[in-house]
Each structure stands twice: as structure tokens, then as C-alpha cells.
Amino acid sequence: MGQCGYNLIHPIIINNAKETQHKLMSNIPIIAGNWKMHGLSDALSTALLIDEPARLSLAKTVIFPPATLLDRLSQTLKAIDSPIEVGGQNCRSELSGAYTGGISAEMLKDAGATRVLVGHSERRHGLKEACELVAKKTLGALRAGLSPMICIGETLEEREAGQTQAVLTRHLSDSLPDALAGKDFQVAYEPVWAIGTGHIPTDSQIVEAMSLIRANLKARFKTGPMPHILYGGSVKPDNAAQLLSLEGVDGLLVGGASLLAKDFTKIIEAAGRDA
Ligand code: PGA
């Protein structure tokens, strides 16, 4: 895997004691699958198929299923003592209230989630969620004891206008509350133009973004564990190993290719085997 810019010494929350011994070690990549609005009951079998590769992998494997599957997926994985973690794809910032259709971070946790995605571009751009709302949701996640994975990334127009650095800097300063200091969280760099398009940035564009994000986080969160920084956007079985080899890439956030067990298995395997 790529050389992590920090010593990643933060404990990744896992239940299985045997796995814990191996996976509390530093430099453990995270391979996360975001199923988005895909998956009925039969999708549970996909998770069962990736249990074995997840056990063998050096990486920590996470699935973000649709909310309707969270509880069942979590129970199914628990029943086989799987090291795979599950997380929510979104949450509201409030604890509870008259928010029809809303799901709080506490509800996700109650359903078995250990993590939650916030600020995914399909919500930032598709649903016009601003950085300030992402920051509130992040606070909600922390309140519930979930580890937030905060997504940031520039659009194609912003990149072409030379605004990538400014956008990433703004996303980091406005979407990440100070309360994250000392907490377990991750940042996922997902260029909007790479999501679901088959286009990925050049290696140097990714390394540059990772380095900017890392420097920003390092300057801001001086104490406590340093977060993983993941790359996301058109990750596939045939580019996963190369992406993971890039300096500063601590893991991958995978959309489409996490829906098929055989593809996601190859991506998990690209992280290398647990010794
Ligand atoms: P993709 O999606 O892998 O299908 O490009 C990534 C994401 O949206 O997290």
C-alpha cells in the first residue's frame, strides 16, 4: 500500500479479538464499499461472499449498504463473526425529532453501524448539501459514537478553473468540525468527475490532493490519532493495486465495483494479505 503520511496508530474498531490483534497494527488500509441505492435482501449474499477475502486481507473492509439492509447485514455478519464493518451512507444531524424519513446517527448505530459517510458528492451536489450541514452531520456522528468518513472533492469545472486546492481547502475547513480532534474519522477524496465515470485522475493529481489534505489535517488536528485518507472514484479491480500504491493513499472508497462480490474481492485482495 501507499506510504501513509502519518503513523496510523488509531485503533480501528473491530469486534473480533483475533482480528483485533492483527488489525490494530499501523498502516492498515481501509477498503470501503458504498452500495448507494442498490440492494434488496439478496444483496446480503454479496457480503457473505466477501467475508473470506476480508478475513484474509491486510485491509479493514467496510460496507455502506442502503439503510434498509443495515440491521440485517450487521446481524448476518455478526452471526459468522465477520471482521467486515457496516456503516450508514448518510445521517441527519439531530438526535431525533419530527423529520419524516430522517435517520439519526444514533439509529444507524442501533442498527449495527460503526461508521457513517457524510458529505458524499451525490448529496453535496445532487441534494445541495452545504459544508456547514456536513459539519453538523459529522457532529451527529460523533455524538452517536460513529466514526465519520467525510467525503470531499472538486467538480470538473472547478479543476479546469484551477480551483482544486481552494475547493479541497474549503471542504476541509468548513465540513470538518473542531470536535474531530482526537477522534476516529476518515477523509475520502473523491473528485466528482471521477465518480461513476470510469475516469480517474492521474497518479500525480491524486498524490498532490492527498498531500494537501494530509498537510491540512496535520496542521489542524495536532493531537490524537491521524485519520486515514481514502481515494474514491471509479476504483476497479484493475486499478486498485496501483491506486493503493500511491503515496498517501490509505484506502479506497468503492461504488459500483463493490456491488459484485467478484470485483470487490479483487479490490480487497489488492490491499495485500494479512500476514
Ligand atoms: P464509483 O463511486 O466507484 O462507482 O465511481 C464511488 C463513490 O461514489 O463513492
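Note the full-extension length gain between L95 and L49 as 0.36 nm times their separation in residues minus their Cα-Cα distance, in nm to one decimal.
Here the segment from L95 to L49 would lengthen by 13.1 nm.
To one decimal place, what orientation-averaged projected area in nm² is obtained for the convex hull of the Cα set of the chain?
With every direction weighted equally, the projected area is 12.9 nm².
Which number do you get for Rg(Cα) / (2.2 N^0.38 Å) in the range 48-139? Present the calculation step by step, with values, prior to reporting the outcome.
Values: Rg = 14.5 Å, N = 92, 2.2 N^0.38 = 12.3 Å.
Against the compact-globule rule of thumb, the ratio is 1.18.
Where does the chain land at 222 nm, in deg cm²/dmol rounded to the nearest 500, when only DSSP H runs of n ≥ 4 count, each adding -39500 (n - 2.57), divided by all residues?
Helix-only estimate at 222 nm: -11500 deg cm²/dmol.
So what are the three principal axis dimensions of the range 207-271 from its Cα atoms, in whole Å, longest to shortest?
Sorted from largest, the Cα extents of the range 207-271 read 40, 21, 17 Å.
How much of D71 can a 1.4 Å solvent probe reach, expressed as accessible area in Å² and rounded to 10?
D71 has an accessible surface of roughly 70 Å² with all protein chains in place.
When only C-alpha pairs under 8 Å and at least 6 residues apart count, what is the relative contact order of the range 185-275, in percent?
Numbers: 125 pairs, mean separation 29.8, N = 91.
It comes to 33 percent, rounded to a whole number.
Sum up the charges of everything whose Cβ sits under 13 Å from the Cβ of N239, counting Lys and Arg as +1 and Asp and Glu as -1, but leave N239 out.
Once all neighbours under 13 Å are counted, the net charge is -1.
Take the alpha carbon gyration tensor of the range 151-275, find the square roots of its eigenvalues, order them as a ≥ b ≥ c, and report rounded if a/c is under 1.5; if not, report prolate when a/b exceeds b/c, else oblate.
On the way: a/c = 1.99, a/b = 1.26, b/c = 1.58.
Because a/c hits 1.5 or more and a/b fails to exceed b/c, the range 151-275 counts as oblate.
Please calculate how many Å² of accessible area the range 66-174 carries per residue, with a 1.4 Å probe and no DNA, RNA or ligand atoms counted.
45
Determine, from the Cβ-Cβ distance of L246 and R220 and an R0 of 35 Å, the FRET efficiency 1/(1 + (r/R0)^6), rounded to the nearest 0.05. Could you put the intermediate results ahead of the total?
Working: r = 23 Å, r/R0 = 0.65.
The value I calculate is 0.95.
Once a ≥ b ≥ c are taken as the square roots of the eigenvalues of the Cα gyration tensor of the range 171-219, is the result rounded (a/c under 1.5), prolate (a/b larger than b/c) or oblate (a/b not larger than b/c)?
The shape class here is prolate.
List the relative contact order of the chain as a percent without decimals, with contacts defined as Cα pairs under 8 Å and 6+ residues apart.
Values: 586 pairs, mean separation 68.2, N = 275.
That works out to 25 percent.
Using the Cα centre of the chain as origin and beta-carbon charges of +1 (Lys, Arg) and -1 (Asp, Glu), tell me which of S57, A179, G101 is placed farthest towards the positive end of the dipole.
Value computed over the given set: A179.
Taking 21 Å as the cut-off for C-alpha to C-alpha distance, list the pairs among K60/K183; K36/K218; K60/K236; K60/K218; K60/K109 that go past it.
K36/K218; K60/K218
Would you mind working out the magnitude of the charge dipole of the chain relative to its Cα centre, with +1 at each Lys and Arg C-beta and -1 at each Asp and Glu C-beta, to the nearest 20 Debye?
Dipole size: approximately 480 debye.
How compact and how long is the range 92-156, expressed as Rg and Dmax of its alpha-carbon atoms in Å?
Just the Cα atoms of the range 92-156 yield Rg and Dmax of 11.8, 38 Å.
Measuring from centroid to centroid over Cα atoms, what is the spacing of the range 202-275 and the range 36-53 in Å?
Going from one Cα centre to the other spans 21 Å.
Which sequence of T114, T138 reflects their accessible areas, 1.4 Å probe, from the largest down?
Largest to smallest exposure gives the sequence T114, T138.
Extension gain K128-T202, at 0.36 nm per residue separation less the Cα-Cα distance, in nm?
Gain on extension, K128 to T202, equals 23.9 nm.
So how do 50-57, 192-199 stack up, highest first, on mean other-Cβ count within 10 Å?
50-57, 192-199
Once you charge only the Cβ atoms, +1 for Lys and Arg and -1 for Asp and Glu, what is the size of the charge dipole of the range 130-202 about its Cα centre, to the nearest 20 debye?
320
The values are calculated or read from the model by the stated rules, or taken from the named source; none is laboratory data. Nothing here was measured: the structure is a model prediction, and the numbers come from that model. FYI the Cβ positions are ideal-geometry reconstructions off the backbone, even for glycines, and counts take in every protein chain you see. Accessible surface areas use protein heavy atoms only, side chains included; no ligands, DNA or RNA. Shrake-Rupley method; radii C 1.70, N 1.55, O 1.52, S 1.80 Å.
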